[in-house]
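Chemist: Here it is, the structure, as structure tokens.
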Amino acid sequence: MSASLNAKIAEVFDEPGCDVNQAKSAKERKKGCTKQLTPGAAAGGCAFDGAKIALQPIVDVAHLVHGPIACEGNSWDNRHSASSGPQTYRTGFTTDINELDVIYGAEKRLFRSIREVIERQDPAAVFVYQTCVTGMIGDDIEAVCRRAAERFGKPVIPVNAPGFAGPKNLGNKLGAEALLDHVIGTVEPEVTTPTDINIIGEYNLSGELWQVKPLLDALGVRVLSCISGDGRYRDIAGAHRARANMMVCSKSMINVATRMQQRWGIPYFEGSFYGISDMSTTLREIARLLVARGAPADLADRAEALIAAEEARAWERIRAYRERLSGKKVLLITGGVKSWSVVSALQEAGLEVVGTSVKKSTREDKEKIRELMGDGADAHMIDDLSPREMYAMLKDAKADIMLSGGRSQFVALKARMPWMDINQERHHAFAGYEGMVTMIAEIDKALFNPVWQQVRTPAPWEAQAALLGEAV
């Protein structure tokens, strides 16, 4: 691993917002919070995959993978991040290096690829992703990107996050560091207002940002940039002029919020768009921060009026569902911010959460789960649940439905239990008040689908065998 990458990883883990880190001496803080990687540490997603996930939703940018074609095939379009305009981000670009490139170096091939992308696509910028092979042969993507930017007059951004650097969560942060080093603060926005905010760690999955934005528009709050869902390069480059930041997923891009606070004095808070009460809390916090930073004083009152109207409407729409779902048990296999934000939403629907995974959750996420679930919360916080244990929980009727990503769905189907996709591959948007109603409606459909009664009924030959066994 190069010295520059090692230094960047140490910088990423020097987290000023961490209480543990604040208690260290200045000398100890410089060492960061890094841990030695163990074999298999990148299982479930490598650093390159994490960086690509974090940055690919910037829709007017060409994302060029410098490596074998398999790397691009593994990461392309792996989320339902929607765009309200440009579709450049949905085209896969790769240098597709071969054996000769490994022997002689692939920097010239990279330069030619950047030129071809710019000539054919004319993107707002080109993001170049380092991968394991090109990292190991020593290709200097920073130097190539600098030369290409000078030659072609376009921003060419190096994303130095080869897969062997660590797991996916580290890659999220390394992708964010590329924005901090080369993008944010490089352009002045044409217009600024006292109510400008950035939303960080929101990927607009299935259009979730669009369920929240009308609420902010009603308050006169402008989203200066979203990092990175439905994002535009120029908006993100001018994000340093926002008055406040909202952090949606602390595990992925907290370094953006903390560095922007250090460099430009922009305050931030961590919030959630999932659930009625959490959405209301988020609107109140946005209003509070903006008023403290010079926004009109009546913004808080207008926020309360909007919250009252939207809450009344949402509660009325889910009232019938609550009666049907009351007492039903949910096994939640997700991580990060969803480990606690979705818990809140499920409880509001009258559902009981019997377990929530915390493998990718921060310490703060776990504290919020304890607040929501009260006594015995630790017993329901699952660090790493094996497929066999998931199956046992469902088969023993300890849960009525499992909410998880697509990789776990077959466990639920094998147990003949309802399952619903809650992760990035889902086709429904669950953010905001409207998203809460959608989530509850989808859970209701999954739980009461008549197919489950059919699949649990013994097959004719099984019933016959049982009768014969009794006769004997």
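The values are calculated or read from the model by the stated rules, or taken from the named source; none is laboratory data. Please read these numbers as outputs of a predicted model, since none were measured by experiment. So basically every Cβ, Gly included, is an ideal-geometry build from the backbone, and we count neighbours across all protein chains shown. Note: areas computed on protein heavy atoms with side chains; ligands, DNA, RNA excluded. Shrake-Rupley method; radii C 1.70, N 1.55, O 1.52, S 1.80 Å.
Chemist: Please compute the modelled spin-label separation between ARG151 and ARG319, points set 7 Å along Cα→Cβ, answer in nm with one decimal.
Modeler: Rounded to a tenth, the inter-label distance reads 6.7 nm.
Chemist: Could you sort out which of LYS108/LYS154; LYS213/LYS368; LYS168/LYS395; LYS8/LYS108; LYS8/LYS154 sit more than 23 Å apart by Cα distance in this structure?
Modeler: Long pairs (Cα-Cα over 23 Å): LYS213/LYS368; LYS168/LYS395; LYS8/LYS108; LYS8/LYS154.
Chemist: What is the Cα centroid distance between segment 411-464 and segment 94-135, reported in whole angstrom?
Modeler: 43 Å
Chemist: For MET420, tell me the accessible area in Å² from a 1.4 Å probe, rounded to the nearest 10.
Modeler: Near enough 20 Å² of accessible area.
Chemist: Something else: What number, rounded to the nearest 500 deg cm²/dmol, is the helix-based mean residue ellipticity at 222 nm of the chain, given -39500 (n - 2.57) per DSSP H run of at least four residues and division by all its residues?
Modeler: My calculation for the chain gives -15000 deg cm²/dmol from helical runs alone.
Chemist: What's the carbon and sulfur percent of the chain's accessible surface, probe 1.4 angstrom, rounded to a whole number?
Modeler: Numbers: 11010 of 21230 Å².
Carbon-and-sulfur percentage of accessible area, whole number: 52.
Chemist: Treating only the Cβ atoms of Lys and Arg (+1) and Asp and Glu (-1) as charged, compute the dipole magnitude of the chain about its Cα centre; round to the nearest 20 debye.
Modeler: Computed charge dipole of the chain: roughly 500 debye.
Chemist: In nm, to one decimal, how far is the ASP396 label point from the THR186 one, both placed 7 Å along Cα→Cβ?
Modeler: 5.5 nm
Chemist: If you don't mind, another one. Tell me whether the chain comes out rounded, prolate or oblate; compute the Cα gyration tensor, take square roots of the eigenvalues as a ≥ b ≥ c, and use a/c under 1.5 as the rounded threshold.
Modeler: Oblate, because a/c is 1.5 or more while a/b does not exceed b/c.
Chemist: Another question about this same structure. Taking the Cα centroid of segment 263-280 and of segment 146-169, what is the distance between the two, rounded to the nearest whole Å?
Modeler: 30 Å
Chemist: Sticking with this structure for a sec: About the Cα centre, and with charges only on the beta carbon of Lys, Arg (+1) and Asp, Glu (-1), how big is the dipole of segment 119-230? Nearest 20 debye, please. Write down the numbers at each step before the final one.
Modeler: On the way: 9 positive and 15 negative charges, 42 e Å.
Here segment 119-230 has a charge dipole of around 200 debye.
Chemist: On to the next question. Starting from the Cα of ALA297, step 7 Å along the direction of its Cβ; do the same at SER2; then give the gap between the two resulting points in nm.
Modeler: 5.4 nm
Chemist: Largest first, what is the accessible-area ranking of TYR104, TYR321 with a 1.4 Å probe?
Modeler: I get TYR104, TYR321, largest accessible area first.
Chemist: Nearest 0.05, what FRET efficiency do ALA143 and GLN409 give at R0 = 56 Å with Cβ-Cβ as r?
Modeler: Numbers: r = 45 Å, r/R0 = 0.80.
My answer for the efficiency is 0.80.
Chemist: A further question on this structure: Considering only the chain, what is the antiparallel percent among its DSSP beta bridges, to the nearest 5?
Modeler: So the antiparallel bridges amount to about 5 percent of the total.
Chemist: What is the sum of charges, Lys and Arg at +1 and Asp and Glu at -1, for the other residues whose Cβ falls under 10 Å from the Cβ of MET246?
Modeler: Its environment carries a net charge of -3.
Chemist: Right, something else. For a label point 7 Å from the Cα of TRP264 along Cα→C-beta, name the residues of segment 198-232 whose backbone N is under 17 Å from it.
Modeler: 198-202, 222-229, 231-232
Chemist: Ordering ARG388, ARG79 from largest to smallest accessible area (1.4 angstrom probe), what's the sequence?
Modeler: On the way: ARG388 200, ARG79 45 Å².
Of ARG388, ARG79, the descending order of accessible area is ARG388, ARG79.
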